[in-house]
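The values are calculated or read from the model by the stated rules, or taken from the named source; none is laboratory data. Remember, predicted model here, so these are calculated numbers, not experimental data. All Cβ positions, glycine included, derive from the backbone under ideal geometry; neighbour counts span all protein chains shown.
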Protein chains: 4
Amino acid sequence: MRLLYLGDVVGRSGRDAVQECVPKLRQDLKLDAVIVNGENAAHGFGLNVRITQDLLEAGVDVITLGNHAWDQREMLSYIDKQPRLVRPANYPQGTPGRGACIHTTERGKKLLVVQVMGRLFMDPLDDPFAALQQEFARFRLGATVDAILVDVHAEATSEKCAVGHFCDGRASLVVGSHTHIPTADHAILPGGTAYQTDAGMCGDYDSVIGMKKDGAVSKLVRKIPGERLAPAEGPATVCGVFVETDDRSGLARRVEPLRLGGRLSQMIPEV
Amino acid sequence: MRLLYLGDVVGRSGRDAVQECVPKLRQDLKLDAVIVNGENAAHGFGLNVRITQDLLEAGVDVITLGNHAWDQREMLSYIDKQPRLVRPANYPQGTPGRGACIHTTERGKKLLVVQVMGRLFMDPLDDPFAALQQEFARFRLGATVDAILVDVHAEATSEKCAVGHFCDGRASLVVGSHTHIPTADHAILPGGTAYQTDAGMCGDYDSVIGMKKDGAVSKLVRKIPGERLAPAEGPATVCGVFVETDDRSGLARRVEPLRLGGRLSQMIPEV
Amino acid sequence: MRLLYLGDVVGRSGRDAVQECVPKLRQDLKLDAVIVNGENAAHGFGLNVRITQDLLEAGVDVITLGNHAWDQREMLSYIDKQPRLVRPANYPQGTPGRGACIHTTERGKKLLVVQVMGRLFMDPLDDPFAALQQEFARFRLGATVDAILVDVHAEATSEKCAVGHFCDGRASLVVGSHTHIPTADHAILPGGTAYQTDAGMCGDYDSVIGMKKDGAVSKLVRKIPGERLAPAEGPATVCGVFVETDDRSGLARRVEPLRLGGRLSQMIPEV
Amino acid sequence: MRLLYLGDVVGRSGRDAVQECVPKLRQDLKLDAVIVNGENAAHGFGLNVRITQDLLEAGVDVITLGNHAWDQREMLSYIDKQPRLVRPANYPQGTPGRGACIHTTERGKKLLVVQVMGRLFMDPLDDPFAALQQEFARFRLGATVDAILVDVHAEATSEKCAVGHFCDGRASLVVGSHTHIPTADHAILPGGTAYQTDAGMCGDYDSVIGMKKDGAVSKLVRKIPGERLAPAEGPATVCGVFVETDDRSGLARRVEPLRLGGRLSQMIPEV
Ligand SMILES: [Fe+2]
Ligand SMILES: [Fe+2]
Ligand SMILES: [Fe+2]
Ligand SMILES: [Fe+2]
Ligand SMILES: [Fe+2]
Ligand SMILES: [Fe+2]
Ligand SMILES: [Fe+2]
Ligand SMILES: [Fe+2]
């Protein structure tokens, strides 16, 4: 299978770029599935019904969320109606939505998408490792599902690396989100799982992690409230990770970053 | 000028790789100066006298530190005797060592190296922006110094980006350290300052940010003390950022990542 | 001198109780000055012009703030016009308002009120110890001022205790705010400074630190947004610290807690 | 039943005072059980075999721990052999020891002691509310057990208050530990559960939460490592909470603080 994961979509700039490039990338890269992190799509804060639908219509198969999942209140009820939305699996029992979903591709392949949230420097949710262990007990790569993608939404690089190794040999791809900056450490771990610490955001990089830079810098320097942060409006770089899995084992054969448009150095996997 | 900054050197694996490649890189890349972050060089925790000398002998010009600066107690007295060591400038007044140093290259060019430490999710030091402001008041790029390198040792990508924009037009390069994972966002900011959120470590990437993975994963999963963390011992990837500055303005003309050896995808700037 | 400090006033319940009892306490306890923390007076979030005036009219002499200082935007401009307002002194240079004020009592005694904010588990401001050092360099207890009250607005008991000892012999009273729960450790430190880790709030204690308990508990248990937190509306306990200073040295002769009304055990100093 | 809970015992000073007063207090206050927090008993850092035995011999029935549970490595194996030791119940599955214990008093009454650790500003363990819910599902106050004591080992007053209300009507006493400063908010909550945000430590209060003040202040001011922190050696104040329960319902009829010896104002419940 060929999978493309795109990191946190930030505001209109990020949405426009993602909606424009996904149809073409599906073709050019012969993708079986596209997974996108949407936690900042609605003006930087959360995701709403309309934007969810726009992203799905553009060819996105599954949308993951994160700590901004509930910024738009309508998500609290909508999430239970939209099976293609995945929020962190380690929210407490009783939380709306689901922490994992099975997506069946056009070719009939089954992809499990799971998200967990880190706890270092973040809201202390339930144990992300225990949540993953539970998913691995339910679904087995290369047996009950053809591919497993783990989105680790976390701040600390150490926690993300640890999730990578914890999943090694049991997932096709472990990819980080939340820090909004792509890392250059894509690799296949010894057990066969592809890994990249952060996919990077889909947004304008002439910014502070997607938000207009003047306000964001001023907030850190002056320590008093200024204007409300708003997404930067320059052209976005679409950032993500492309992975090709072995059809039998579900493990990764190849992993490459994707960076398209905007200010970052360009990188498009060859197929 | 041509400068090479190498990120946090972790343990013996990182040291061996750095000491081996620096002499060759100085030649091949026609470098005017090499700056290395040494806060994890001594078995992962701090830096000592001997390793400092080894790094300098290998051709390193300036060594920056970070939150691990004082892990080896001998550093508290040694740092005042070794002018090539730079610790975060925003430690309180009276802290041993210095937060900036002027290095004069063989060609007689003056390079200012400053380090500041972030405060998000870290020990709350003094204001890093005020510390930078003070340095910019003392030294002017393209006037009193030929190049300025700012090492922002921080956890949060937002704080690092903010430091980048704060320095834009006033420094040659702002480069992050501390997270131990290289980012893929190298770019020249609108004002002419080169920027990369994190240089990445010089260490074994089959690890949790340089430390042996089993112990590090177990620490997060089990929440009870296990073996003391120790550096991973596989071959290191030397990670860094290469920048070429304009001799007149001191601003960046070109910035590229460097990744050499070990497990990460290889990248060597062409000169 | 006889001083009364009252802790964080929370919402209408807290305001009503404070405004009612201050005139009587001024008389009964023969107070020279009343200092109140007002950072939660405006529906739990910040302070505004009208409430400031109400508190001053009720007989409050100086109002301190804290991390909620700017919750009501009008404070950003008002604070410069109202010399009886004191915000943490360790905000960065250029912050509106002042971190200390001199209040001259009816008997002509001079009281210095300083506030600093802690940095453990809080927004990393500038160094609170350096800020205090600066005030002690400007004003000397028993020489240039007759009494010094330090309000240490902090989360961690360790940091508050450390501020207490740092000021011992140089202030009349070091009293904590911010945690909203009165501590029972009032004492005169070896150098003569009265100390209590937290004064406690003036608010309804059948609550979660002053806010309605159902919403506050649910927020911690369910981890998804519910109703916006609002102040509890039951009768408040007015909590504070009473100190009597030596007229010559300015040091403390006596320190006692005050707890009046509401649900907590009652405690009124005898005069 | 009459129960006495004593807060974090710090070092030799705290141990000596506790061991001296417990036998006498058992008699004078006609206590059915004595529960002590021992996480700092071994020179400030953890608890060991010998000190556990000394405390039990002095008449302590159950010892709770906290984030310092494993500071002394021998505890990792000893805890499974000593049923009177209770560590936070919300450590992950597989952690040595137990999060709750049933103690049967001389009069044949059954007391459940549970400890949970908070997560705000602390190591992110599993959900403390879920852990408590599980205990309440197994044991019912006034039915299967005669009294339930919940030790909430936490930093934030908000989280401790929330645990209090969460347990209200289902526990006899919810008492906080960890901050080492006694609070003055003892009260019986509307549902009948006695509550105090922190019991306070048993240690020398001329200190920074039990540790020698010079080193502790210097650590915050200077930000470089100094001498290793060590317990203060002056006379301790024994701090705790006394509660009398209704024999039928198990709920609280009366709650009072205890403060004995050392520097704090003295408070001994009358019986
Ligand atoms: Fe995000
Ligand atoms: Fe996020
Ligand atoms: Fe670091
Ligand atoms: Fe490091
Ligand atoms: Fe506050
Ligand atoms: Fe407050
Ligand atoms: Fe403790
Ligand atoms: Fe503790």
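For B:R50, are the conditions met, namely being of a type outside the set (G, A, S), more than 16 Å from ligand 8 (Cβ to nearest atom), in a loop (DSSP other than H, G, I, E, B) and surrounded by fewer than 16 Cβ atoms within 10 Å (Cβ to Cβ)?
On the way: of a type outside the set (G, A, S): yes; more than 16 Å from ligand 8 (Cβ to nearest atom): yes; in a loop (DSSP other than H, G, I, E, B): no; surrounded by fewer than 16 Cβ atoms within 10 Å (Cβ to Cβ): yes.
So B:R50 fails the test.
When you scan the stretch C:149-162, how many residues do you find that are in contact (Cβ under 8 Å) with a residue 40 or more places away in the chain and surrounded by fewer than 24 Cβ atoms within 10 Å (Cβ to Cβ)? I'd like the intermediate steps shown before the answer.
Applying the first criterion (in contact (Cβ under 8 Å) with a residue 40 or more places away in the chain) to the stretch C:149-162 yields C:149, C:151, C:153, C:157, C:159-160.
Now restrict to residues that are surrounded by fewer than 24 Cβ atoms within 10 Å (Cβ to Cβ): none.
Residues that pass the stated criteria total 0.
If you check B:Y78 against the conditions, is it more than 16 Å from ligand 7 (Cβ to nearest atom), within 14 Å of chain D (Cβ to nearest Cβ) and either surrounded by fewer than 21 Cβ atoms within 10 Å (Cβ to Cβ) or on the phi < 0 side of the Ramachandran plot (or both)?
Working: more than 16 Å from ligand 7 (Cβ to nearest atom): yes; within 14 Å of chain D (Cβ to nearest Cβ): yes; either surrounded by fewer than 21 Cβ atoms within 10 Å (Cβ to Cβ) or on the phi < 0 side of the Ramachandran plot (or both): yes.
It is true that B:Y78 is more than 16 Å from ligand 7 (Cβ to nearest atom), within 14 Å of chain D (Cβ to nearest Cβ) and either surrounded by fewer than 21 Cβ atoms within 10 Å (Cβ to Cβ) or on the phi < 0 side of the Ramachandran plot (or both).
Looking only at the stretch B:1-20, filter to residues that are outside any loop (DSSP other than H, G, I, E, B) and in contact with a Lys or Arg (Cβ under 7 Å, 6 or more places away or on another chain); which one of those is nearest to ligand 2 (Cβ to nearest atom)? I'd like the intermediate steps shown before the answer.
Step one: filter the stretch B:1-20 for residues outside any loop (DSSP other than H, G, I, E, B), giving B:2-6, B:9, B:11-20.
Keeping just the survivors that are in contact with a Lys or Arg (Cβ under 7 Å, 6 or more places away or on another chain) gives B:2, B:9.
Numbers: B:R2: 37, B:V9: 30 Å.
Per the stated criteria, the residue is B:V9.
Out of curiosity, is A:L173 more than 7 Å from every other protein chain (Cβ to nearest Cβ), within 30 Å of B:G176 (Cβ to Cβ), in contact (Cβ under 8 Å) with a residue 24 or more places away in the chain and surrounded by fewer than 24 Cβ atoms within 10 Å (Cβ to Cβ)? Step through it out loud before you land on a result.
On the way: more than 7 Å from every other protein chain (Cβ to nearest Cβ): yes; within 30 Å of B:G176 (Cβ to Cβ): yes; in contact (Cβ under 8 Å) with a residue 24 or more places away in the chain: yes; surrounded by fewer than 24 Cβ atoms within 10 Å (Cβ to Cβ): no.
It is false that A:L173 is more than 7 Å from every other protein chain (Cβ to nearest Cβ), within 30 Å of B:G176 (Cβ to Cβ), in contact (Cβ under 8 Å) with a residue 24 or more places away in the chain and surrounded by fewer than 24 Cβ atoms within 10 Å (Cβ to Cβ).
Might you let me know whether the stretch D:180-196 holds any residue that is over 18 Å from the mean Cα position of the chain (by Cα), within 27 Å of D:F136 (Cα to Cα), away from chain C (no Cβ under 13 Å) and modelled with pLDDT of 95 or more?
Scanning the stretch D:180-196 turns up at least one residue that is over 18 Å from the mean Cα position of the chain (by Cα), within 27 Å of D:F136 (Cα to Cα), away from chain C (no Cβ under 13 Å) and modelled with pLDDT of 95 or more.
Anything in the stretch A:245-260 that is more than 18 Å from B:L264 (Cα to Cα) and surrounded by 18 or more Cβ atoms within 10 Å (Cβ to Cβ)? List them, or say none.
Step one: list which residues in the stretch A:245-260 are more than 18 Å from B:L264 (Cα to Cα), which gives A:245-251, A:260.
Hits for the stretch A:245-260 are A:T245, A:G250, A:L251, A:L260.
Quick grid of which residues meet (1) within 22 Å of A:R12 (Cβ to Cβ); (2) more than 16 Å from ligand 2 (Cβ to nearest atom); (3) touching an Asp or Glu at 6+ places or on another chain (Cβ under 9 Å):
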position: A:F45; (1), (2), (3): yes, no, yes
position: A:T52; (1), (2), (3): yes, yes, no
position: A:M75; (1), (2), (3): yes, no, no
position: A:P83; (1), (2), (3): no, yes, no
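Which condition does A:N90 not pass, out of (1) under 25 Å from A:H43 (Cβ atoms); (2) surrounded by 18 or more Cβ atoms within 10 Å (Cβ to Cβ); (3) within 12 Å of another protein chain (Cβ to nearest Cβ), if it passes all the others?
Among (1) under 25 Å from A:H43 (Cβ atoms); (2) surrounded by 18 or more Cβ atoms within 10 Å (Cβ to Cβ); (3) within 12 Å of another protein chain (Cβ to nearest Cβ), the lone unmet condition for A:N90 is (1).
Can you list residue pairs whose Cβ atoms sit under 7 Å apart, with the first residue in the stretch A:196-216 being under 19 Å from A:V241 (Cα atoms) and the second being basic (K, R)? Count only pairs 6 or more apart in sequence or on different chains.
Close Cβ pairs (under 7 Å, with a partner that is basic (K, R)) amount to A:T197/A:K160; A:Y205/A:R263.
Step by step: first the residues of the stretch C:197-213, then only those that are on the phi < 0 side of the Ramachandran plot, in contact with a Cys (Cβ under 8 Å, 6 or more places away or on another chain) and facing chain D (nearest Cβ under 7 Å), then the one that is surrounded by the most Cβ atoms within 10 Å (Cβ to Cβ). Which residue is that?
My answer is C:T197.
Working only within the stretch B:6-41, note down all residues that are within 14 Å of ligand 4 (Cβ to nearest atom) and under 22 Å from B:A100 (Cα atoms).
B:L6, B:G7, B:D8, B:V9, B:V36, B:N37, B:G38, B:E39, B:N40, B:A41
Please give the number of the condition C:T157 fails out of (1) within 24 Å of A:I224 (Cβ to Cβ); (2) at the interface with another protein chain (Cβ under 7 Å from one of its Cβ atoms).
(1) is the only condition that C:T157 fails.
Among the numbered conditions (1) outside any loop (DSSP other than H, G, I, E, B); (2) within 22 Å of D:R12 (Cβ to Cβ); (3) more than 10 Å from every other protein chain (Cβ to nearest Cβ), tell me where D:E233 comes up short.
Going through the list (1) outside any loop (DSSP other than H, G, I, E, B); (2) within 22 Å of D:R12 (Cβ to Cβ); (3) more than 10 Å from every other protein chain (Cβ to nearest Cβ), D:E233 breaks only (1).
Could you check the stretch A:118-215 for strands (runs of 3 or more DSSP E) lying wholly inside it with 2 or more residues that are charged (D, E, K, R)? Give the derivation first.
Details: elements: A:147-153, A:173-177, A:194-196.
Once the strands (runs of 3 or more DSSP E) in the stretch A:118-215 are filtered for at least 2 residues that are charged (D, E, K, R), nothing remains.
Out of C:G44, C:G7, report the one residue that is within 12 Å of ligand 6 (Cβ to nearest atom), at pLDDT 95 or above and over 18 Å from C:D151 (Cβ atoms).
Values: C:G7 fails: over 18 Å from C:D151 (Cβ atoms).
Result of the check over C:G44, C:G7: C:G44.
How do the pairs read when you match residues in the stretch C:98-125 that are away from every other protein chain (no Cβ under 14 Å) and more than 15 Å from C:I35 (Cα to Cα) with residues anywhere that are surrounded by fewer than 23 Cβ atoms within 10 Å (Cβ to Cβ) and of a type in the set (K, R), using Cβ under 6 Å and keeping only pairs 6 or more apart or on different chains?
Taking only residues 6 or more apart or on different chains, not a single pair turns up.
Restricting to the stretch D:149-170, name every residue that is among the aliphatic types (A, V, I, L, M) and in contact with a helix residue (DSSP H, G or I) (Cβ under 8 Å, 6 or more places away or on another chain). Can you show your working first?
Quick first cut of the stretch D:149-170, residues among the aliphatic types (A, V, I, L, M) only: D:149-150, D:152, D:154, D:156, D:162-163.
Those that are among the aliphatic types (A, V, I, L, M) and in contact with a helix residue (DSSP H, G or I) (Cβ under 8 Å, 6 or more places away or on another chain): D:V150, D:V152, D:A154, D:A162, D:V163.
Being over 29 Å from D:L220 (Cβ atoms), in a loop (DSSP other than H, G, I, E, B) and not acidic (D, E), is that true of even one residue in the stretch C:88-102? So that I can check it myself, show each step before the final result.
Of the residues in the stretch C:88-102, the ones over 29 Å from D:L220 (Cβ atoms) are none.
Within the stretch C:88-102 (the criterion being over 29 Å from D:L220 (Cβ atoms), in a loop (DSSP other than H, G, I, E, B) and not acidic (D, E)), the answer is no, since none of the residues qualifies.
Answer yes or no as to whether A:D146 is away from chain D (no Cβ under 14 Å) and farther than 30 Å from A:Q266 by Cβ. I'd like the intermediate steps shown before the answer.
Values: away from chain D (no Cβ under 14 Å): yes; farther than 30 Å from A:Q266 by Cβ: yes.
Spelling it out, A:D146 is indeed away from chain D (no Cβ under 14 Å) and farther than 30 Å from A:Q266 by Cβ.
Inside the stretch C:48-75, can you point out the residues that are within 14 Å of chain A (Cβ to nearest Cβ), within 13 Å of ligand 6 (Cβ to nearest atom) and aliphatic (A, V, I, L, M)?
Applying the first criterion (within 14 Å of chain A (Cβ to nearest Cβ)) to the stretch C:48-75 yields C:65-75.
After this cut, where a residue has to be within 13 Å of ligand 6 (Cβ to nearest atom) as well, the list is C:65-69, C:71.
Answer for the stretch C:48-75, where residues must be within 14 Å of chain A (Cβ to nearest Cβ), within 13 Å of ligand 6 (Cβ to nearest atom) and aliphatic (A, V, I, L, M): C:L65, C:A69.
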